[in-house]
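Q: I am attaching a structure below and will ask some questions about it afterwards.
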Amino acid sequence: MVDQSNPVREPGGEAAKSGDFSVSLERGLKILSVFNGSRSVLGIAELARAVDLTKSTTHRYVTTMTKLGYLQQDTETKKYFLGPRVVDLGFSAIESMDLTRVSAPLLQSLADQTGFTVSMAICDGPDVVYVDRRRSGRRNALAMDLNLQVGSRLPAYCTAMGKAILAHKDPQTLRQILERSDLARRGPNTITNREQLMTVLAKVRQSGVAVNDEELAPGLRSFAAPVWDRTGEVVAALNVAVHLSAAPSSIESLAARIEPHLRRTAREISRRLGYRSTE
C-alpha cells in the first residue's frame with residue numbers, strides 16, 4: 001500500500017531537479033508498493049488509479065516488471081501479483097542484515113589473526129556482492145583492497161568466494177549461472193573452460209575451501225569457505241585475500257597458515273546462523 005503519510009516525491013521536486021532522480025525507477029517502485037496483504041492481486045486499472053498514471057503507461061511498466069520476474073500475471077483473470085524476484089529481494093535483505101550482524105566480530109577477529117583483509121559476499125546470479133570487509137588492526141597488517149568495498153560486485157567463477165558458493169548450488173541452478181557467465185580471462189590462471197570449472201567446483205565441495213590463485217587478477221590469491229544457514233543452504237562465503245607482493249610464500253604454505261582460522265570462523269558464523277552439521 002502507498003503510504004499517504006510519507007508519499008513518494010513526485011517528479012519535479014528537489015530530488016528530480018538535482019539530476020540524480022530516476023522517474024522511471026520511482027514509478028516502478030510505486031507500482032510494487034501498491035501490492036500488500038489486502039490488495040495482493042490487482043488489474044491494470046486498479047494499479048493506474050493507485051499510482052496516478054494512465055493505463056497505457058502503467059501497462060508498460062507492469063509488462064516490463066513481469067518479464068523481469070518482479071510481477072506475475074494470472075492467466076485467467078489477467079490480473080497481477082508479486083513475483084518471485086520481489087520475494088527473493090526481501091529475504092536477501094533480511095538474511096544479509098542478520099548475516100552481517102552475526103559475522104562482523106568474527107570477521108574482524110579473523111582479519112586480526114591472519115593480518116590480512118577479510119571479506120564476506122553473497123551470490124547474486126553470476127556475481128558475488130560484497131556485504132562486509134574487515135582490515136586487520138595489527139600494526140603490520142597486510143591490506144588487500146583492489147578498490148573493493150561493501151556493494152562491490154565481481155564475477156563468481158573467478159573468485160574464491162564465488163567458487164565456494166557455486167560449489168554448493170544444485171546442478172540446474174549452477175548450469176544456469178554458468179550459462180550467464182562469460183568465463184573471460186581476467187588473470188594469468190583464470191579457468192575459462194566450463195568443464196574444467198565444474199571439476200574444480202566438485203573438489204571445492206569435497207574439501208570445503210575454495211582457492212583463487214591469480215584467477216581474478218595478477219598477484220592476487222585468496223582462500224574462501226562457505227557459510228551455511230539453519231536450513232542447510234549456503235548463503236554466503238568469507239575469504240582471506242593475499243597479494244604476492246605482501247606474502248610471496250607458496251600457495252601450500254599460505255593455505256597451511258590461513259585455512260585453519262578460515263574454516264573455524266566459517267563454522268562459527270554458520271553455527272550462530274542456526275546451522276547444525278549432520279556430520
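The values are calculated or read from the model by the stated rules, or taken from the named source; none is laboratory data. For clarity, every value in this text was computed on a predicted model and none was experimentally measured. Neighbour counts run over all protein chains shown; Cβ positions are idealised from the backbone, glycine included.
Q: Looking at the range 207-235 only, could you name the residues that are out of contact with any helix residue (DSSP H, G or I) (no Cβ under 8 Å at 6 or more places or on another chain) and charged (D, E, K, R)?
A: Taking the range 207-235 and keeping what is out of contact with any helix residue (DSSP H, G or I) (no Cβ under 8 Å at 6 or more places or on another chain), we get 207, 214, 217-220, 230-233.
Answer for the range 207-235, where residues must be out of contact with any helix residue (DSSP H, G or I) (no Cβ under 8 Å at 6 or more places or on another chain) and charged (D, E, K, R): Glu214, Arg230, Glu233.
Q: Filter the range 169-186 for residues that are in contact with a helix residue (DSSP H, G or I) (Cβ under 8 Å, 6 or more places away or on another chain) and in a loop (DSSP other than H, G, I, E, B); which is nearest to Val128 (Cα to Cα)? Step through it out loud before you land on a result.
A: So in the range 169-186, the residues in contact with a helix residue (DSSP H, G or I) (Cβ under 8 Å, 6 or more places away or on another chain) come out as 169, 174, 177-178, 181, 183, 186.
Okay, now just the ones that are also in a loop (DSSP other than H, G, I, E, B), so 169, 181, 183, 186.
Details: Lys169: 14, Ser181: 12, Leu183: 14, Arg186: 16 Å.
My answer is Ser181.
Q: List pairs: first in the range 42-61 and within 18 Å of Asp74 (Cβ to Cβ), second of a type in the set (Phe, Trp, Tyr) and surrounded by 14 or more Cβ atoms within 10 Å (Cβ to Cβ), Cβ under 7 Å, 6+ apart or cross-chain?
A: These pairs meet every condition: Leu42/Phe35; Leu42/Tyr80.
Q: Moving on. On the basis of being within 17 Å of the chain's Cα centre (by Cα) and either touching a residue at least 12 places away in the same chain (Cβ under 8 Å) or under 22 Å from Asp124 (Cβ atoms) (or both), does Ala217 make the cut? Reasoning before the result, please.
A: Values: within 17 Å of the chain's Cα centre (by Cα): no; either touching a residue at least 12 places away in the same chain (Cβ under 8 Å) or under 22 Å from Asp124 (Cβ atoms) (or both): yes.
For Ala217, the condition - within 17 Å of the chain's Cα centre (by Cα) and either touching a residue at least 12 places away in the same chain (Cβ under 8 Å) or under 22 Å from Asp124 (Cβ atoms) (or both) - is not met.
Q: Looking only at the range 109-120, which residues are within 20 Å of Ala164 (Cα to Cα), assigned to a helix (DSSP H, G or I) and not β-branched (Val, Ile, Thr)?
A: As a first pass, look at the range 109-120 and keep what is within 20 Å of Ala164 (Cα to Cα): 110-111, 114, 116-120.
Within this subset, residues satisfying the condition of being assigned to a helix (DSSP H, G or I) are 110-111, 114.
Within the range 109-120, Leu110, Ala111 qualify.
Q: Given the residues Gly90, Gly43, Gly83, which is the only one that is at pLDDT 80 or above and under 30 Å from Val235 (Cα atoms)? Walk me through how you get there before you give the answer.
A: On the way: Gly90 fails: at pLDDT 80 or above; Gly43 fails: under 30 Å from Val235 (Cα atoms).
Unique residue meeting the criteria: Gly83.
Q: Contact list please: Cβ distance under 7 Å, first residue in the range 252-268 and of a type in the set (Ser, Thr, Tyr), second residue in a helix (DSSP H, G or I) and crowded, with 17+ Cβ neighbours inside 10 Å, pairs at least six apart or on different chains.
A: Correct list of pairs: Thr265/Leu106; Thr265/Leu110.
Quick grid of which residues meet (1) at pLDDT below 90; (2) in the same structural domain as Ala160 (by TED's automatic domain parsing); (3) on the phi > 0 side of the Ramachandran plot:
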position: Ile31; (1), (2), (3): no, no, no
position: Gly69; (1), (2), (3): yes, no, yes
position: Thr75; (1), (2), (3): yes, no, no
position: Leu99; (1), (2), (3): yes, yes, no
position: Gln108; (1), (2), (3): no, yes, no
position: Asp124; (1), (2), (3): yes, yes, no
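Q: Quick one: Ile191 ticks every box in (1) in contact (Cβ under 8 Å) with a residue 60 or more places away in the chain; (2) part of a loop (DSSP other than H, G, I, E, B) bar one, so which box is it?
A: Evaluating Ile191 over (1) in contact (Cβ under 8 Å) with a residue 60 or more places away in the chain; (2) part of a loop (DSSP other than H, G, I, E, B) leaves (1) as the failure.
Q: Residues in the range 148-164 that are assigned to a loop (DSSP other than H, G, I, E, B), buried (at least 24 other Cβ atoms within 10 Å of the Cβ) and within 11 Å of the chain's Cα centre (by Cα): how many? So that I can check it myself, show each step before the final result.
A: If we filter the range 148-164 for residues that are assigned to a loop (DSSP other than H, G, I, E, B), which is where we start, we get 148-152, 159.
Next, only the ones that are buried (at least 24 other Cβ atoms within 10 Å of the Cβ) stay: 159.
Applying the additional criterion that residues be within 11 Å of the chain's Cα centre (by Cα) yields none.
Matching residues across the range 148-164 total 0.
Q: Among (1) in contact with a Cys (Cβ under 7 Å, 6 or more places away or on another chain); (2) assigned to a strand (DSSP E or B), which single condition is Glu215 missing?
A: Result: Glu215 passes all but (2).
Q: How many residues does the range 222-274 contain that are over 19 Å from Leu99 (Cα atoms), at pLDDT below 90 and either in a strand (DSSP E or B) or under 20 Å from the mean Cα position of the chain (by Cα) (or both)?
A: 2
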